[in-house]
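Only one structure is covered here, and it is reproduced in the block below.
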């Protein structure tokens, strides 16, 4: 029986200011990113789901990932793309090792999705399922507490980051929510992921992902490298080829989660 492939594409051009202390986080290209990744997925024979801006609530995103986990079996593929702001909340369950002890987040419409929640969701997938995650957002990890210095003569570009000061205010206003999320996912649980996850993200922990008019810089470059399927090579070569076309201030990151799967890594990207 041929492998099955599902995909989920999340793109937020703004968020609900009620949760984010009056900040709406306006971006321009995230919905375009989600649309373009959906088109790519369809071209590879995947069945896509798209969640844009107001649809991209935490409940909807979690439900879509859980539905994929319930459906897919060993050898199947789940492709998840996220375009939006990255944020952070204080690590309260002791699973982060960076000096600032921050958990990374995706800034969804109604609240942040903490990276601990994603780990818990990866655990729901069966052994042998292949998961590809493309995240065109800032990490807000170890040292992204200062805004980057841009040339005075240039226009300040939009970056996909929940500003740290705003992130701190959001956390203080919703501390019970975010502490409760982390309490439900104890530290040490990360080793039990049975699926194989490849994460290619838009920048390193100490860098920023740039928004654009039509695509984020990472997504735009990825599309140029992919060339509608003409790209030949494995996932690492794909990441490296993208990185070679991007400025050194924004270098895509390649991360493996869960069970090692050499065949998955060695395959051409997006192949079902």
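FYI, it's all coordinate maths here, none of it is from the lab. Nothing here was measured: the structure is a model prediction, and the numbers come from that model. Methodologically, a virtual Cβ is constructed for each residue, glycine included, from the backbone with ideal geometry; neighbour enumeration extends over all protein chains shown.
Some points to look at:
- One quarter of the convex hull surface built on the alpha carbon atoms of segment 5-65 amounts to 4.1 nm², the projected area averaged over directions.
- Looking at the chain alone, DSSP beta bridges between its own residues are antiparallel in about 35 percent of cases.
- Translational diffusion coefficient (Stokes-Einstein; Kirkwood radius from C-alpha pairs) of segment 153-243 at 25 °C, 0.890 mPa s, in µm²/s: 145
- Computed lengthening from residue 42 to residue 67, 0.36 nm per intervening residue step minus Cα-Cα distance: 7.1 nm
- If the segment from residue 16 to residue 272 were pulled out straight at 0.36 nm per residue, it would be longer than the present Cα-Cα gap by 88.6 nm.
- With R₀ set to 51 Å, the beta-carbon distance separating residue 110 from residue 232 gives a calculated FRET efficiency near 0.80.
- Note on the chain: with a GNM built from Cα contacts shorter than 10 Å, the maximum mean-square fluctuation among 255, 92, 53 falls on 255.
- Approximate spin-label separation residue 184-residue 245, in nm, with each point projected 7 Å along Cα-to-Cβ: 3.9
- Rough spin-label spacing in nm, given labels placed 7 Å along Cα→Cβ, for residue 24 and residue 74: 5.0
- Mean ellipticity per residue at 222 nm, deg cm²/dmol - from DSSP H runs of n ≥ 4 across the chain, formula -39500 (n - 2.57): -8500 deg cm²/dmol
- Diffusion coefficient of segment 1-144 by Stokes-Einstein, Kirkwood radius over Cα pairs, 10 °C, 1.306 mPa s: 101 µm²/s.
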